[in-house]
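The block underneath contains the structure these notes are about, expressed in structure tokens.
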Amino acid sequence: MKYAMYQMDIIPGDPEANRDKIKRWVEAIVTHEKPDTVVLPEMWTTAYTLPELDRIAESNGADTIPFLQDLAKSYHINIIGGSIANQKDGGIYNTALAMNREGELVYQYDKIHLVPMLDEPTYLTGGGDKVQIFELDGVKMGLIICYDLRFPELARKLALEGVQVLHIVAEWPAARRNHWKHLQIARAIENQMFVVSCNRIGHYNDVDFAGSSMVVDPWGDSLVTASADQEETIVASLSMDDVPKVRQNVPIFSSRVPGLY
């Protein structure tokens, strides 16, 4: 499965401009790279304009969900649609989206872990549902958001259910870039699955973002790593046969003794 991740700078507080930017990018990348799946970063419609979200967050994904569905269907690609500021049920959620090639919304996930360091709990409501698996092109996949990466239980739950690719969409700060890189490698090794991440670059509200989007294979080797500060597309091809091979060679799942943990 061929992936293209858009490590983008985000126009703060302007969802329409960011959707236009994504549309132009998808049109170009489909022509030049012909990916099966594209990945966008966290909160790409608004950036972290948290005090403004009560005004600019969309209601139940009313604008961005059909926008991504149209792109997926028009170009016959899967889309890991990053996440959006999403007003519903009396709160504002950080909601991640996944569409298949037919333009169907196959999964949405509300970020469980809100970031104290970025003041998320003041403005956002944490998700109340467990992470779940979904499938694209017959491959079992998972999707988490940024700070979720620090909580290994999420990735392990998905791995135990057979997930082969874990996606991480993020606006991870440069101050903790070292954590960003090494936690991804750890999740890939300990769960023997691909980890595909898409982070943003740029600067907003006294925060520099880390870039360094990655694809890590089930052995823990980085197939590709983006720059720390440049807007760019990174491309990688994932061989799904690698997951069962690694899990057979180092059979950690059959070696687990969870009753003693």
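Worth a mention:
- Any hit, the range 16-37, residues being out of contact with any helix residue (DSSP H, G or I) (no Cβ under 8 Å at 6 or more places or on another chain), without any contact (Cβ under 8 Å) to a residue 60 or more places away in the chain and crowded, with 16+ Cβ neighbours inside 10 Å: yes
- In the range 38-58, the residues that are within 13 Å of Asp119 (Cβ to Cβ) reach residues that are open to solvent by less than 10 Å² (accessible area, probe 1.4 Å) with C-beta atoms within less than 7 angstrom, at least six apart or across chains, in these pairs: Tyr48/Glu171; Leu53/Thr46; Leu53/Ala85.
- Filtered residues of the range 170-195 (kept if among the charged types (D, E, K, R) and closer than 20 Å to Tyr48 by Cα): Glu171, Arg176, Arg177
- For Ile112, the criteria (1) of a type in the set (Val, Ile, Thr); (2) within 19 Å of Ala170 (Cβ to Cβ); (3) surrounded by fewer than 18 Cβ atoms within 10 Å (Cβ to Cβ) hold in every case but one, which is (3).
- Exactly one residue among Glu104, Glu153 is open to solvent by 60 Å² or more (accessible area, probe 1.4 Å) and touching a Lys or Arg at 6+ places or on another chain (Cβ under 9 Å), and that residue is Glu104.
- Being open to solvent by 10 Å² or more (accessible area, probe 1.4 Å) and farther than 17 Å from Met5 by Cβ holds for only one residue in Asn205, Asn191, and it is Asn205.
- Number of the condition not met by Ala170 [criteria: (1) within 20 Å of Lys140 (Cα to Cα); (2) touching a Leu at 6+ places or on another chain (Cβ under 9 Å); (3) among the small types (Gly, Ala, Ser)]: (1)
- Selection of the range 135-150 for residues being open to solvent by 10 Å² or more (accessible area, probe 1.4 Å) and not in a loop (DSSP other than H, G, I, E, B) yields Glu135, Val139, Lys140, Tyr147, Arg150.
- Residues that are in contact (Cβ under 8 Å) with a residue 60 or more places away in the chain and part of a strand (DSSP E or B), drawn from the range 164-182: Val165, His167, Val169
- For the range 159-170, a tally of residues being crowded, with 19+ Cβ neighbours inside 10 Å and either polar (S, T, N, Q) or farther than 16 Å from Asp110 by Cβ (or both) returns 5.
- Qualifying residue in the range 137-158 (condition: touching a residue at least 60 places away in the same chain (Cβ under 8 Å) and more than 13 Å from Glu42 (Cα to Cα)): yes
- Subset tally (residues that are of a type in the set (Gly, Ala, Ser) and surrounded by fewer than 23 Cβ atoms within 10 Å (Cβ to Cβ)) for the range 62-81: 2
- Members of the range 117-133 found to be open to solvent by 80 Å² or more (accessible area, probe 1.4 Å) and in a helix (DSSP H, G or I), listed by number: Met117, Thr122, Tyr123
- Screening the range 9-19 for residues that are of a type in the set (A, V, I, L, M, F, W, C) and part of a loop (DSSP other than H, G, I, E, B) and picking the one that is farthest from Thr233 (Cα to Cα) gives Ile11.
- Sole exception among (1) among the β-branched types (Val, Ile, Thr); (2) closer than 19 Å to Val131 by Cβ; (3) in contact with a Phe, Trp or Tyr (Cβ under 6 Å, 6 or more places away or on another chain) for Ile201, by number: (2)
- Within the range 205-231, the set of residues being acidic (Asp, Glu) and either touching a Leu at 6+ places or on another chain (Cβ under 6 Å) or touching a residue at least 60 places away in the same chain (Cβ under 8 Å) (or both) comprises Asp217, Glu231.
The values are calculated or read from the model by the stated rules, or taken from the named source; none is laboratory data. What you are looking at is a predicted structure, and each value in this text was computed from that prediction instead of being measured. All Cβ positions, even for glycine, are placed from backbone atoms using ideal geometry, and neighbour counts span all protein chains on display. With ligands, DNA and RNA removed, areas are computed over all heavy atoms of the protein, side chains included. Shrake-Rupley method; radii C 1.70, N 1.55, O 1.52, S 1.80 Å.
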